[in-house]
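S.K.: Below you will find the structure I want to go over with you.
The values are calculated or read from the model by the stated rules, or taken from the named source; none is laboratory data. These figures come from a predicted structure and were not determined experimentally. We place every Cβ from the backbone using ideal geometry, glycine too, and count neighbours over all the protein chains shown. Side chains included, ligands, DNA and RNA excluded: accessible areas come from the protein's heavy atoms. Shrake-Rupley method; radii C 1.70, N 1.55, O 1.52, S 1.80 Å.
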Amino acid sequence: NAGVTQTPKFQVLKTGQSMTLQCAQDMNHEYMSWYRQDPGMGLRLIHYSVGAGITDQGEVPNGYNVSRSTTEDFPLRLLSAAPSQTSVYFCASSRQGGSRGYTFGSGTRLTVV
Amino acid sequence: SQQGEEDPQALSIQEGENATMNCSYKTSINNLQWYRQNSGRGLVHLILIRSNEREKHSGRLRVTLDTSKKSSSLLITASRAADTASYFCATEGDSGYSTLTFGKGTMLLVSP
């Protein structure tokens, strides 16, 4: 099925560990974004990309890196995990100028202990 | 910081009733979007209204936009238990790249 695929669905990390959250879409969307969702906070933008090779920071980029080498993939890297990064992470994609909004993945629930 | 603020934070109604949620935002926008999130799931896009539109319908959904007041409302008519979810408004700015800024959401509970 077409859509946004996120892996893993669940992850527990120890403080200081690093990991990569994977995101892939098969809709040929130009725009991709990473959000984190914390209780009572809504969704906050971490990083986004408007095309292969182009990325930029969102509202809460510290502690995270991204790259976009292909249109399909947009991985999010946690450099040195901290308990404050415990959250649910969503990847989303959209067509430029599209009227159908963003398509979201099902999320990765990350716990840092 | 959050762009949108939904009101109310929580809403409880009976099946068959209408549900109205409001959203206010702070800066100029290109469009405003509404999303639904069922518990533990990803967000699903419901409807998009552009800054030059005032009202839009999609099935049982009706969205209004008042750019002079920087506010929007989402009306769900004849609510069903399956409409129980959190609803978020999100704005896309008019300054270039397409990113969404979300509000904190309204939690809707529809009781049978």
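S.K.: Mind checking which lysines have their Cα closer than 17 Å to the Cα of B:Lys56? Skip sequence neighbours fewer than 8 apart in that chain.
M.R.: B:Lys70
S.K.: Would you pull out the residues with amide H under 5 Å of B:Leu46's amide H, same chain only if 5 or more places away, H placed 1.01 Å from N?
M.R.: B:Trp34, B:Tyr35, B:Arg36
S.K.: Please compute the length gained on full extension between B:Lys69 and B:Glu15, using 0.36 nm multiplied by the number of residues separating them and subtracting their Cα-Cα distance.
M.R.: Details: separation 54, 0.36 × 54 = 19.44 nm, distance 3.10 nm.
Computed gain between B:Lys69 and B:Glu15 is 16.3 nm.
S.K.: Could you grab the Rg to Rh ratio for chain B? Cα atoms only, Kirkwood for Rh.
M.R.: Across chain B, the Cα-based Rg/Rh ratio is 0.96.
S.K.: While we're here: Please express the shape of region A:13-102 as an equivalent ellipsoid: the semi-axes are the square roots of 5 times the eigenvalues of the C-alpha gyration tensor, given largest first in whole angstrom.
M.R.: 23, 15, 10
S.K.: Compute the whole-percent fraction of alpha carbon pairs in the protein assembly as shown spaced more than 26 Å apart.
M.R.: Percent of Cα pairs beyond 26 Å in the protein assembly as shown: 36.
S.K.: Using +1 at the Cβ of each Lys and Arg and -1 at the Cβ of each Asp and Glu in chain B, identify which of B:Pro8, B:Gly59, B:Leu109 lies farthest towards the dipole's positive end.
M.R.: Checking the options against the dipole of chain B, the answer is B:Gly59.
S.K.: If each of A:Glu59 and A:Asp26 carries a label point 7 Å out from its Cα toward its Cβ, how far apart are those two points in nm?
M.R.: Modelled inter-label distance: 3.2 nm.
S.K.: Compute the separation of the alpha-carbon centres of region A:34-56 and region B:61-107 and state it in Å as a whole number.
M.R.: 18 Å
S.K.: Here's a follow-up. Along region B:20-25, what does the Karplus equation 6.51 cos²θ - 1.76 cosθ + 1.60 (θ = phi - 60°) give for ³J(HN,Hα), rounded to whole Hz, x for Gly and Pro?
M.R.: Per residue, the Karplus-derived 3J(HN,Hα) values read 10, 10, 10, 9, 10, 9 Hz.
S.K.: Given 0.36 nm per residue, what is the gain on full extension from A:Thr15 to A:Ser80 after removing their alpha carbon distance, in nm?
M.R.: So the extension gain works out to 22.7 nm.
S.K.: For Cα pairs less than 8 Å apart in space and 6+ apart in sequence, what is the mean separation divided by the residue count of chain A, i.e. the relative contact order in percent?
M.R.: Reported as a whole number, the value is 36 percent.
S.K.: Excluding ligands, DNA and RNA, what is the accessible area buried between chains A and B, summed over both sides, using a 1.4 Å probe, to the nearest 100 Å²?
M.R.: By this definition, chains A and B bury close to 1700 Å².
S.K.: For B:Lys104, which aspartates and glutamates qualify as cross-link partners when the Cα separation must be under 12 Å and same-chain residues fewer than eight apart are set aside?
M.R.: A:Asp38, B:Glu5, B:Glu6, B:Asp7
S.K.: B:Asn38 to B:Arg50: extension gain in nm, 0.36 nm per residue of separation minus the Cα-Cα distance? Don't skip to the answer; put the middle values down first.
M.R.: Values: separation 12, 0.36 × 12 = 4.32 nm, distance 2.51 nm.
In short, 1.8 nm is gained.
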